[in-house]
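Before any comments, here is the structure.
Where a number appears in this text, it was derived from the coordinates with a stated rule and is not lab data. Since the model is a prediction, treat every value here as computed from it, not as a measurement. Cβ atoms come from the backbone with ideal geometry, glycine included; neighbour counts cover every protein chain shown.
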Amino acid sequence: MAKVKSKWVCQNCGYETVSYLGRCPECLQFGTFVEEIVSSVEKVVSSKPSNNVGGEIKISKIKEIELDEKVRFNTNIDELDRVLGGGFVQGSLVLLAGDPGIGKSTLVLQTTKNICETKINDKKLKVLYVCAEESPLQVKLRAKRLDIEPENLYLTNQTCIDEVINQIEVIKPDFLVVDSIQSVFCAGIASSSGSVSQIRECTNVLMRIAKQKNITTVIIGHVTKEGNIAGPKVLEHMVDCVINFEGDKYKQYRILRCIKNRFGTISEVGVFKMEDCGLVEVNSPVNLLIEQSEGASGSAIAVTLEGSRVFLHEIQALVGSTNYSNPRRVAVGLEYNRLLQVIAVLEKKVGLNLSKQDVYVNVAGGLDVVEPSYDLALSLAIISSIRDIPISPSTVFIGEVGLLGEIRYVENIERRLKEAKKLGFKKAIIPFINEKVYKNLSSIDLQIKQVKKITDAIVEGLSND
């Protein structure tokens with residue numbers, strides 16, 4: 001009998017070592033190593049390979065491969081189809097991640113209802129839902145609340161990936177859902193479910209099933225407390241599409257953001273609203289995040305662009321004195337390092353002394369802002385809070401703040417201004433643009449102020465004309 005060995009694997013990044021380490025040298029996290037048993041040679045040879053899923057493997061010339069018009073199928077959920085680039089691609093492997101309670105299972109369950117009603121070659125699609133975290137009865141309760149009861153939706157609470165393969169051979173589904181990848185396990189690996197080795201191997205098996213049997217597969221993944229997708233980084237490399245569900249679970253609105261997509265663009269986002277009947281699409285999300293209080297200091301409106309959609313965000317700032325040697329910097333809904341950069345520019349180029357001031361910044365609505373065009377609104381919100389001077393609620397700010405204090409140009413100025421005009425805003429502070437571009441903006445009935453430096457933006461932003 002061969003000797004059984006063990007290894008220590010970082011559960012955050014997948015780094016492997018022969019002995020325990022207090023800190024991972026790869027991701028620099030503490031206390032993430034877990035011991036995993038390496039199966040002996042005799043056990044591996046005698047066990048059934050978990051990735052033996054069958055299917056025909058052949059070599060073809062790329063010119064000889066014909067694309068079927070039905071290579072994609074819609075989910076009839078416009079916001080999801082927008083993020084996917086026009087619907088699911090047959091045989092693709094999609095990873096859906098998000099915080100607990102954000103609505104991942106609800107979205108997938110609503111999607112399966114529409115897919116079960118989809119016909120390809122005059123045949124309705126079959127869906128197999130692997131509810132590894134719940135019992136079929138629990139899923140049935142949620143489905144009843146959402147009014148979902150299609151005849152060709154099959155549920156199983158099987159957690160062993162080898163048994164899931166056997167059920168796939170029997171049912172022959174066209175669409176597979178695994179909820180979640182952290183709950184299933186492979187019998188050939190000694191570590192517990194949710195470990196790096198299990199996630200890597202189970203995803204590899206599902207990838208082979210999707211490609212060889214042309215089964216569109218969606219796997220639901222957990223996230224860490226830092227907001228990253230749990231498991232090894234190779235998990236994101238193996239799948240065809242990575243979608244992240246963002247938002248505050250205690251509020252109504254959710255954003256579906258694409259991080260990776262081999263079959264389409266990653267710039268589009270989808271917007272949903274959580275209600276009693278499930279997730280409802282928000283087709284016009286321009287002003288859903290504006291909750292500005294008139295006459296209150298420390299608030300400014302930013303106009304950002306997510307894919308082809310314009311969003312207006314209310315940036316709130318609170319600046320107050322501190323009794324501690326190190327003032328606090330808190331950013332909710334935007335990048336923390338971006339806040340530090342804006343504060344540094346205000347101290348150097350404007351002359352503000354924030355070394356004894358706590359700075360709290362929040363994006364109203366509970367959603368995250370990614371595009372840097374909110375820099376100008378963030379700067380004005382901080383200055384408005386320090387000086388206790390309210391900014392006119394009819395003014396919007398568009399622009400990225402550079403390290404030299406300059407206001408940098410952002411794309412699609414015209415589209416942003418048109419949306420601001422539709423919502424009743426009267427004044428816009430934008431970066432300096434050339435005369436040719438400015439002529440295109442003359443048709444917009446909006447008072448436009450061009451600025452080159454942050455000091456000019458402060459003068460225009462705090463004036464009430």
Next item on the list: Have a look at the chain and give its Rg and Dmax from the Cα atoms, expressed in angstrom.
Entry: 26.0, 86
Note to self: Under 20 °C and 1.002 mPa s, how fast does region 234-386 diffuse according to Stokes-Einstein, given a Kirkwood radius computed over C-alpha pairs? Answer in µm²/s, whole number.
What the structure shows: 126
Notebook entry, point to check: Isolated Cys in the chain by the 4.7 Å beta carbon test?
Noted result: CYS116, CYS131, CYS160, CYS186, CYS202, CYS241, CYS258, CYS277
Check: In region 95-203, which GluC sites (Glu not before Pro) are in a loop and have at most 10 other Cβ atoms within 10 Å, using DSSP for the loop call?
Finding: GLU151
Check: What are the GluC sites (Glu not before Pro) within region 282-391 that DSSP puts in a loop, where the Cβ has at most 11 other Cβ atoms within 10 Å?
Finding: GLU291, GLU294
Check: Which aspartates and glutamates does LYS418 reach when only Cα atoms under 16 Å apart count, and residues fewer than 8 places away in its own chain are ignored?
Finding: GLU306, ASP445
Item checked: Relative contact order for region 243-285, counting Cα pairs under 8 Å that sit 6 or more residues apart, in percent -> 29
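Can you give the extra length, in nm with one decimal, that the chain gains between LEU318 and GLN447 once fully stretched, where that is 0.36 nm per residue apart less the Cα-Cα distance? Don't skip to the end; give the middle numbers.
Numbers: separation 129, 0.36 × 129 = 46.44 nm, distance 2.80 nm.
43.6 nm is the gain from fully extending LEU318 to GLN447.
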Margin query: With N set to the number of residues, divide the alpha-carbon radius of gyration of region 71-281 by 2.2 N^0.38 Å and report two decimals.
Written below: 0.94
Next item on the list: Could you work out the mean projected area of the convex hull around the alpha carbons of region 90-188, in square nanometres to one decimal?
Entry: 6.7
Notebook entry, point to check: In whole Å, what three semi-axes, largest first, describe the equivalent ellipsoid of region 75-129 built from its Cα gyration tensor (square root of 5 times each eigenvalue)?
Noted result: 21, 13, 11
Notebook entry, point to check: When only C-alpha pairs under 8 Å and at least 6 residues apart count, what is the relative contact order of the chain, in percent?
Noted result: 12
Next item on the list: Just the number, please: percent antiparallel of the DSSP beta bridges in region 216-364, rounded to the nearest 5.
Entry: 90
Checklist line | region 291-358: proportion of alpha-carbon pairs further apart than 21 angstrom, % | finding: 36
Checklist line | Over region 340-406: Kirkwood hydrodynamic radius from C-alpha pairwise inverse distances, Å | finding: 12.9
Next item on the list: Calculate how steeply helix 196-213 sits against the longest principal axis of the alpha-carbon atoms of the chain, using the helix alpha-carbon long axis, and give the answer as 0 to 90 degrees to the nearest 10.
Entry: 80
Check: Fully extended, how many nm does the chain gain between LYS356 and ALA296 (0.36 nm per residue separation, minus their Cα-Cα distance)?
Finding: 19.3 nm
Next item on the list: Could you pull out the chymotrypsin sites (Phe, Trp or Tyr not before Pro) across region 292-364 that fall in loop regions by DSSP (anything but H, G, I, E, B) with no more than 10 other Cβ atoms inside 10 Å?
Entry: TYR324
Notebook entry, point to check: What ranking, highest mean first, results for peptides 104-114, 252-262 when packing means the other Cβ atoms within 10 Å averaged over each residue?
Noted result: 104-114, 252-262
Item checked: Reachable aspartates and glutamates from LYS449, criterion Cα separation under 18 angstrom, eight or more residues apart if same chain -> ASP375, GLU400, GLU406, GLU411, GLU414, GLU419, GLU435, GLU460, ASP465
Next item on the list: Rounded to the nearest 10 degrees, what's the angle between the helix 136-145 long axis and the longest principal axis of the chain, both from Cα atoms, 0 to 90?
Entry: 40
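Given the -39500 (n - 2.57) contribution per DSSP H run of 4+ residues, what per-residue ellipticity at 222 nm results for the chain, rounded to the nearest 500 deg cm²/dmol?
So the helix-based figure for the chain works out to -7500 deg cm²/dmol.
Can you check what the Kirkwood hydrodynamic radius comes to for region 347-465, Cα pairs only, in Å to one decimal?
One over the average 1/r among Cα pairs gives 15.1 Å for region 347-465.
State which entries of LYS63/LYS113; LYS124/LYS213; LYS273/LYS422; LYS144/LYS251 exceed 25 angstrom in Cα-Cα distance in the structure shown. Before the final figure, lay out each step's value.
Details: LYS63/LYS113 36 Å; LYS124/LYS213 17 Å; LYS273/LYS422 22 Å; LYS144/LYS251 23 Å.
Correct reply: LYS63/LYS113.
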Margin query: Projecting each Cα onto the charge dipole of region 170-309 (Lys/Arg +1, Asp/Glu -1 at the beta carbon, about the Cα centre), which of SER197, SER284, LEU305 comes out farthest on the positive side?
Written below: SER197
Next item on the list: Rounded to the nearest 10 degrees, what's the angle between the helix 375-387 long axis and the longest principal axis of the chain, both from Cα atoms, 0 to 90?
Entry: 50
Item checked: Net charge dipole size for the chain [Lys, Arg +1 and Asp, Glu -1 on Cβ; Debye, nearest 20] -> 600
Margin query: Cβ neighbours within 10 Å, averaged per peptide: list 59-66, 338-345, 220-227 in order, most packed at the top.
Written below: 338-345, 220-227, 59-66
Checklist line | Range of Cα positions in region 105-159 per principal axis (Å), largest first | finding: 34, 24, 17
